[in-house]
1. Quote to one decimal, in nm, the extra length available between Lys2 and Glu390 on full extension: 0.36 nm per residue of separation minus the C-alpha distance between them.
2. Report the extension gain between Thr208 and Lys325 in nm, rounded to one decimal, defined as 0.36 nm multiplied by the number of residues separating them, less their alpha carbon distance.
3. Determine ³J(HN,Hα), in whole Hz, for all residues of region 192-207 in sequence, where each value follows from phi through the Karplus function 6.51 cos²θ - 1.76 cosθ + 1.60 and θ = phi - 60°; x replaces Gly and Pro.
4. Suppose each label sits 7 Å from its Cα in the direction of the beta carbon; what would the Glu223-Leu242 distance come out to in nanometres?
5. Where the only charges are on Cβ atoms (+1 Lys, Arg; -1 Asp, Glu), what is the dipole of region 9-166 about its Cα centre, to the nearest 20 debye?
6. Please arrange Ile311, Ile319, Ile98 by counting, for each residue, the other beta carbons lying within 10 Å of its beta carbon, fewest first.
7. If R₀ is 41 angstrom, what is the calculated FRET efficiency for the pair Glu95 and Lys117, using the beta carbon separation as r and rounding to 0.05?
8. How many nm is it between the label spots at Gln146 and Phe11, if each spot is 7 Å from the Cα in line with the beta carbon?
Amino acid sequence: MKNIVVTPMTFEPVYSQEAEIVERKGIGHPDTICDYLAEELSRSLCRLYIDSFGSIMHHNVDKALLVGGRARAEFGGGEVLEPIEIYLVGRATLEDSINIQELVNKTASDWIKKNIKNLDFEKHVRVYAKIKPGSKDLVDLYKRSQGQVPLANDTSFGVGFAPLNPLERAVLEAERILNSQSFKEEHPEVGEDIKVMGVRISNKVRLTVALAFVSKYIKDLNEYYEKKSTIEQKLTTYLSDLVGQIVEININTADSKHGEVYITVTGTSAEQGDDGQVGRGNRVNGLITPYRPMSLEAAAGKNPVSHIGKIYNTIANKIAKRVIKEIEEVEECYCYIVSQIGKPINEPQVLDIKVRSKKSLEKIQEPAQKIAMEELELMPSVWQGFLKGEFLVA
């Protein structure tokens, strides 16, 4: 069955170990900004190719660098002194009709205006397109895929797991709630640059949150500490209810009572404090999980038609989730898929589904293989989901 194997987990579950670490970089973190801009550029190119040529052409725009600017934040205001510079880099099919710098500017402008509310694109950001044609061999390989099952552009692997454990859920939801529209309406002082580090020792869970406060919404140091305390309390209540145990929340632990606190003009450390790069942050499930299987591939910006680093990581997570949902006996699932360059993407060298279950493997093997087969058969059309934004890349 297309090299699908189902194997038992022979190691103890993460949640039973004495310690665990999980991280998430929020949507306004410089690394995550790079991920999303690379992905949005790929989607823009896909739509342009379909409109102009009837199909998606060869491209991989999965490199980006954010060079932080300079800013002066102060209670009640502040200003950006030097703009943030963003370089979007990659390979693409560029016909004379395509103005790549114009496309890059519009893509970045639309995303930043929608997602980083206090960052003025015209004033605070400069974007540069460094996009060149791809190598002849990879372009030719891509062309051979047209009209048939796409051929893998690389020999690479993807991994996924399910379900999320309590610490993983807490870390993911902490950033999501802080960056939700409803929370921002209550607390406009909360910027989008939010990093959450979760640590569990035995049954004690602590989240350390780096939160870029927006200075214009805070009049002085006392108000800063009042607002921070209120947010800590709200987040503690929300997450403790979510995971069914007390979660300790610490926000901006480097703050000083003497006035050195984490305030920004724009809500992101990209204005001065930090730089960013594609692939240094969240995996396709939105988390950084050193206690779980992870791929170093940067999914963002990769071609959604044949790039294994994007497709296999996404599908591995999808298979793992389906196995957990559809096979009652399975408590935990890991999925590993590896390709071979030049071979059809839905014919991996191996697709290994690892399961933890009290039931015998024989009862699980057939339904797990069936799920994997279904996802492999759907794989040639998975690009449509990426184009619609149905899959996470960070």
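1. Details: separation 388, 0.36 × 388 = 139.68 nm, distance 2.63 nm.
So the extension gain works out to 137.1 nm.
2. Extending this stretch completely gives an extra 39.0 nm.
3. 7, 7, 10, 10, 10, 10, x, 10, 10, 10, 6, 10, 9, 10, 10, 10
4. In this crude spin-label approximation the distance works out to 2.8 nm.
5. 440
6. Numbers: Ile311 30, Ile319 27, Ile98 17.
Fewest-to-most Cβ neighbours within 10 Å comes out as Ile98, Ile319, Ile311.
7. The formula returns an efficiency of 0.70 here.
8. 4.4
Each reported figure results from applying straightforward, stated rules to the coordinates on display, with no laboratory input. Here the structure is a predicted model, which is why all the values come from computation and not from measurement. Glycine also receives a Cβ, built like all others from the backbone with ideal geometry; neighbour counts cover every protein chain displayed.
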